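This report refers to the structure that appears directly beneath it.
The values are calculated or read from the model by the stated rules, or taken from the named source; none is laboratory data. Note that the structure is predicted; figures quoted are calculated from it, not measured. Neighbour counts are summed over all protein chains in view; Cβ atoms, including those assigned to glycine, are modelled from backbone coordinates with ideal geometry.
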């Protein structure tokens, strides 16, 4: 931690001790959410999500591919992410680094392990052809908590996704047609991230809070209150009490957040 | 796509002389420009040119990493053109392609002659272009929007550049080729120009054209570029007119305050004549700038201009003692 971060940390901590945050939010208050859908006509689904000033664009492409050998009768849903250099002065060109890979994998697991998309529905012919749903995330502005912003963008893009119908010729060749049906989706999973700063737990950390935090816990909530994935980040430990506290608070926050998702 | 090319006879111009998207041969697609739409970079711009949707962002002039790339007597311009995986019909692989590398290079060379690179030795100016949706002529639209982002970043420029791809469809020269025309037309000719200087800074071609057709196509490109250049200027004016409205009033207030106080004190210090006091600030308000100060201060004594500078430091002491 450099000197400036140390000073920021002291400032943020002293505010937290008084029960305040630097931007005036409550500890369980997320920044305003804005979502726009259907922005890219060449994508099967697309959405841009803003969480405060953080901004992520998600696009979904549908392809026909081979299933994974261990799940021969299930379609494939893959999420990847890129931190565009235009989003922050610290993002650089080149193959995805630790941060981008973590971002993609956390959002990916949140969706993959939820029951929102039934992957058996995406099977065309077991062991041979399945639908591949490829969600690509582009970070346009980093003002903190990219994981939750990306999760909102990914889910909103999936809610916008039109699944092309298929055609199978005599030789068994599968092609996508122009005709589409909406992608079937249950209650969408959403990720809620808490930052631990000193002994304080705050939801949706801002850029500064993210820089000075000791640890972070991202929890993906499926419909019906179950948890579909978690990720702890940072080298400081969390206590049993802190984890259960965050899960309890998160499950209340996610219900409010889900209401702000676009309806179909 | 391969099916379409094998058909060969898909007409690109109908019996009324209109193209697949209803345009005339010499008509541009609809263009929408925005500047300063991203908050983090030093400069940014966005363009919708037909169905092209492109962001450009500029960082710099900033410290150059890695250092060994630094050029002793000027800045290094780095341009990166990238397409989103979902910007084209078949998902693009996320890693940069040969095409993206080449386009980054030609765009860099299209922008560089417009910049005063010698003003920033050893620094970097980074331009990032992200194509969210591509629809033919994306390198031209990218250059148009990157040029705006550089202007938005406040980087000194000789002028803006704008681009358009002209070409040949069904045997005729056409303005601003769209995706289908680009793919199955007879020739595609992306052109970027500085309309003010009449210089071509990007020129590529593939297909077949006679020298006469090329001349006609270039003339058509120039017309289109002039039109786009007007839109670029308009969107920049719009932004700075807004800033002037907001900032202009504030700074005027501040100026007047400082000036009034200064003058009143000056007058009190230096001129015992009481009738002069109310007149001076009023006269100054009309001119408002520091220039207005000089003629006044010149009047009483010839030494005044010299004394004017150290006054700032001297004044607090006077206040304390008085």
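As a summary of the residue check, residue A:86 satisfies the conditions (1) away from every other protein chain (no Cβ under 14 Å); (2) at pLDDT 90 or above except for the one numbered (1). Might you let me know whether the range B:15-33 holds any residue that is under 30 Å from residue B:170 (Cβ atoms), exposed (fewer than 15 other Cβ atoms within 10 Å of the Cβ), in contact with a helix residue (DSSP H, G or I) (Cβ under 9 Å, 6 or more places away or on another chain) and free of Cβ contacts under 8 Å to residues at least 60 places away in the same chain? Scanning the range B:15-33, I find at least one residue that is under 30 Å from residue B:170 (Cβ atoms), exposed (fewer than 15 other Cβ atoms within 10 Å of the Cβ), in contact with a helix residue (DSSP H, G or I) (Cβ under 9 Å, 6 or more places away or on another chain) and free of Cβ contacts under 8 Å to residues at least 60 places away in the same chain, so the answer is yes. Per the conditions (1) within 14 Å of chain A (Cβ to nearest Cβ); (2) part of a loop (DSSP other than H, G, I, E, B); (3) farther than 30 Å from residue B:175 by Cα, the sole criterion not satisfied by residue B:59 is (2).
Kindly indicate the residue of the range B:174-184 that is more than 14 Å from chain A (Cβ to nearest Cβ) and assigned to a loop (DSSP other than H, G, I, E, B) and also nearest to residue B:32 (Cα to Cα) among those meeting that condition. Here the residue is B:176.
If the condition is being within 14 Å of chain B (Cβ to nearest Cβ) and assigned to a loop (DSSP other than H, G, I, E, B), then the range A:21-48 contributes A:38, A:39, A:40, A:41, A:42, A:43, A:44. In the condition set (1) modelled with pLDDT under 95; (2) in contact with a helix residue (DSSP H, G or I) (Cβ under 8 Å, 6 or more places away or on another chain); (3) outside any loop (DSSP other than H, G, I, E, B), residue A:6 is compliant with all but (2).
Of the residues making up the range B:83-100, those that are surrounded by 15 or more Cβ atoms within 10 Å (Cβ to Cβ) and either out of contact with any strand residue (DSSP E or B) (no Cβ under 9 Å at 6 or more places or on another chain) or within 8 Å of chain A (Cβ to nearest Cβ) (or both) are B:84, B:85, B:86, B:87, B:88, B:91, B:94. Candidates are the residues of the range A:89-109 that are in contact with a helix residue (DSSP H, G or I) (Cβ under 9 Å, 6 or more places away or on another chain) and assigned to a helix (DSSP H, G or I); the one that is nearest to the other protein chains (Cβ to nearest Cβ) is A:104. Residue B:103 falls short on exactly one of the conditions (1) away from chain A (no Cβ under 14 Å); (2) in contact with a strand residue (DSSP E or B) (Cβ under 6 Å, 6 or more places away or on another chain); (3) farther than 30 Å from residue A:44 by Cβ; (4) buried (at least 16 other Cβ atoms within 10 Å of the Cβ), and that condition is (3). Can you name the number of the only condition in (1) surrounded by fewer than 24 Cβ atoms within 10 Å (Cβ to Cβ); (2) closer than 29 Å to residue B:73 by Cβ; (3) more than 14 Å from chain A (Cβ to nearest Cβ) that residue B:143 fails? Answer for residue B:143: the failing condition is (1). Looking for something at pLDDT 75 or above, part of a helix (DSSP H, G or I) and under 30 Å from residue B:202 (Cα atoms) - is there at least one such residue anywhere in the range B:239-249? Yes - at least one qualifying residue is present in the range B:239-249. Within the range A:173-199, restricting attention to residues that are without any contact (Cβ under 8 Å) to a residue 24 or more places away in the chain and not in a strand (DSSP E or B), the residue that is farthest from residue A:123 (Cα to Cα) is A:199. Step by step: first the residues of the range A:1-42, then only those that are within 30 Å of residue A:178 (Cα to Cα) and touching a residue at least 40 places away in the same chain (Cβ under 8 Å), then the one that is surrounded by the most Cβ atoms within 10 Å (Cβ to Cβ). Which residue is that? Once the filter is applied, the top-ranked residue is A:35. Please verify whether the range B:124-132 includes one or more residues that are within 14 Å of chain A (Cβ to nearest Cβ) and either on the phi > 0 side of the Ramachandran plot or at pLDDT below 95 (or both). So far as the range B:124-132 goes, no, none of its residues is within 14 Å of chain A (Cβ to nearest Cβ) and either on the phi > 0 side of the Ramachandran plot or at pLDDT below 95 (or both). Considering only residues in the range A:49-77 that are in a loop (DSSP other than H, G, I, E, B) and within 17 Å of residue A:117 (Cβ to Cβ), the one that is farthest from the other protein chains (Cβ to nearest Cβ) turns out to be A:73.
Please verify whether residue B:110 is away from chain A (no Cβ under 12 Å) and farther than 19 Å from residue A:91 by Cα, treating the condition exactly as stated. So residue B:110 fits the description; yes. I'd like to check something: does the range A:193-213 contain any residue that is on the phi > 0 side of the Ramachandran plot, more than 12 Å from the chain's Cα centre (by Cα) and modelled with pLDDT of 95 or more? Looking through the range A:193-213, at least one residue is on the phi > 0 side of the Ramachandran plot, more than 12 Å from the chain's Cα centre (by Cα) and modelled with pLDDT of 95 or more. For the range B:10-27, a residue qualifies if it is in a loop (DSSP other than H, G, I, E, B) and touching a strand residue (DSSP E or B) at 6+ places or on another chain (Cβ under 7 Å), and the qualifying residues are B:12, B:25.
To keep it simple, each residue is scored yes or no on (1) within 22 Å of the chain's Cα centre (by Cα); (2) at pLDDT below 95.
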{"residue": "A:2", "(1), (2)": "no, yes"}
{"residue": "A:10", "(1), (2)": "no, yes"}
{"residue": "A:32", "(1), (2)": "yes, no"}
{"residue": "A:48", "(1), (2)": "yes, no"}
{"residue": "A:58", "(1), (2)": "yes, no"}
{"residue": "A:81", "(1), (2)": "yes, yes"}
{"residue": "A:98", "(1), (2)": "yes, yes"}
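Can you spot a residue in the range B:156-168 that is over 29 Å from the mean Cα position of the chain (by Cα) and in contact (Cβ under 8 Å) with a residue 24 or more places away in the chain? Yes: the range B:156-168 contains one or more residues that are over 29 Å from the mean Cα position of the chain (by Cα) and in contact (Cβ under 8 Å) with a residue 24 or more places away in the chain. Restricting attention to the range A:110-148, the residues that are closer than 18 Å to residue A:84 by Cα and either within 14 Å of chain B (Cβ to nearest Cβ) or surrounded by fewer than 20 Cβ atoms within 10 Å (Cβ to Cβ) (or both) add up to 11.
Of all the criteria given as (1) within 14 Å of chain B (Cβ to nearest Cβ); (2) out of contact with any strand residue (DSSP E or B) (no Cβ under 8 Å at 6 or more places or on another chain), the one not satisfied by residue A:15 is (1). Search the range B:33-56 for residues being part of a loop (DSSP other than H, G, I, E, B) and within 16 Å of residue A:87 (Cβ to Cβ), and hand back the single one that is farthest from the other protein chains (Cβ to nearest Cβ). Of everything passing the filter in the range B:33-56, B:36 is farthest from the other protein chains (Cβ to nearest Cβ).
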